Amino acid sequence: MGYNWQMKPATEKPPPWLAPDWLDSAVVVALGSNQSGPFASSISLLEAAFDRLSEVGFRPIVRSRWWRSKAWPNPANPEFINGVALLLSDAPPRDTLASLNEVEREFARIREGANEPRTLDLDLIAHGRTVIDSENLILPHPRAHERLFVMGPLAEVAPSWRHPRLGESAQALVGRAKIGADAKPMRRAALHKNL
């Protein structure tokens, strides 16, 4: 049975199965949205996307709270809602990425350019301890450690997760992340507000 992340207070110590050795096999996915598409809000869209992951072969274990931040690099764009999910998957990294891209398409993701507004962004941050440098896939995600809207939510649910290249914990990296420095976790009551 999965961990009930909805009932987890932000200050609660992570469950024992989120120990560093367990995290060595976790798939880390960042979820983001700043356009709600047909949904009532970006949060509703992200909740539906998180649920969809379990329908396409992932086994969700835990999800952070949603975090709000200004759009980057253009703060004139709508605010982003972001979170991080830890999943289990038997699929290899390239198949994992293909599944995430397919879910993005299902949620009307249109790729018009880098960092443009979008309904759904599913970034593969890490696939266990795998390190890949190829034209179509770099693991771990090459810029995730610089982004507070990724490292903050990851440190919230798995502070002892270690970056496969840098060897540093999510908790240590969150203190140095500069991109999206305004990112803040949303209070539980805010989860149902329209954005």
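The values are calculated or read from the model by the stated rules, or taken from the named source; none is laboratory data. Since we're looking at a predicted model, the values are computed, not measured. As a convention, Cβ positions derive from the backbone with ideal geometry for all residues, glycine included, and neighbour counts pool all protein chains shown. The area values use the complete protein model at the heavy-atom level, side chains included, leaving out ligands, DNA and RNA. Shrake-Rupley method; radii C 1.70, N 1.55, O 1.52, S 1.80 Å.
Can you tell me which residues in the range 143-158 are under 11 Å from LYS178 (Cβ atoms) and either open to solvent by less than 30 Å² (accessible area, probe 1.4 Å) or touching a helix residue (DSSP H, G or I) at 6+ places or on another chain (Cβ under 7 Å) (or both)?
Correct list: HIS145, ARG147, LEU148, MET151.
Anything in the range 89-120 that is open to solvent by less than 40 Å² (accessible area, probe 1.4 Å), farther than 22 Å from ARG165 by Cβ and touching a residue at least 60 places away in the same chain (Cβ under 8 Å)? List them, or say none.
PHE107, PRO117, ARG118, THR119, LEU120
Being of a type in the set (A, V, I, L, M) and either part of a loop (DSSP other than H, G, I, E, B) or over 18 Å from VAL56 (Cβ atoms) (or both): is that true of ALA126 here?
Judged against the criteria, ALA126 is a match.
Going residue by residue through the range 157-174, is there one that turns out to be within 18 Å of PHE80 (Cβ to Cβ) and of a type outside the set (A, V, I, L, M, F, W, C)?
no
Tally the residues that are open to solvent by 40 Å² or more (accessible area, probe 1.4 Å), touching a Pro at 6+ places or on another chain (Cβ under 9 Å) and modelled with pLDDT under 50, restricting the search to the range 1-51.
3
May I ask you to list the residues in the range 104-119 that are part of a loop (DSSP other than H, G, I, E, B) and over 17 Å from the mean Cα position of the chain (by Cα)?
To start, the set of residues in the range 104-119 that are part of a loop (DSSP other than H, G, I, E, B) comprises 107-119.
Matches in the range 104-119: ALA108, ILE110, ARG111, GLU112, GLY113, ALA114, GLU116.
Within the range 125-134, work out how many residues are touching a residue at least 12 places away in the same chain (Cβ under 8 Å) and open to solvent by 10 Å² or more (accessible area, probe 1.4 Å).
Filtering the range 125-134 down to residues touching a residue at least 12 places away in the same chain (Cβ under 8 Å) leaves 125-132.
Pick out the ones that are also open to solvent by 10 Å² or more (accessible area, probe 1.4 Å) and you get 127, 129-132.
Result for the range 125-134: 5.
Pull up the range 49-102, narrow it to residues that are β-branched (Val, Ile, Thr) and touching a strand residue (DSSP E or B) at 6+ places or on another chain (Cβ under 9 Å), then point me to the one that is nearest to GLY152 (Cα to Cα).
The extreme case among them is VAL84.
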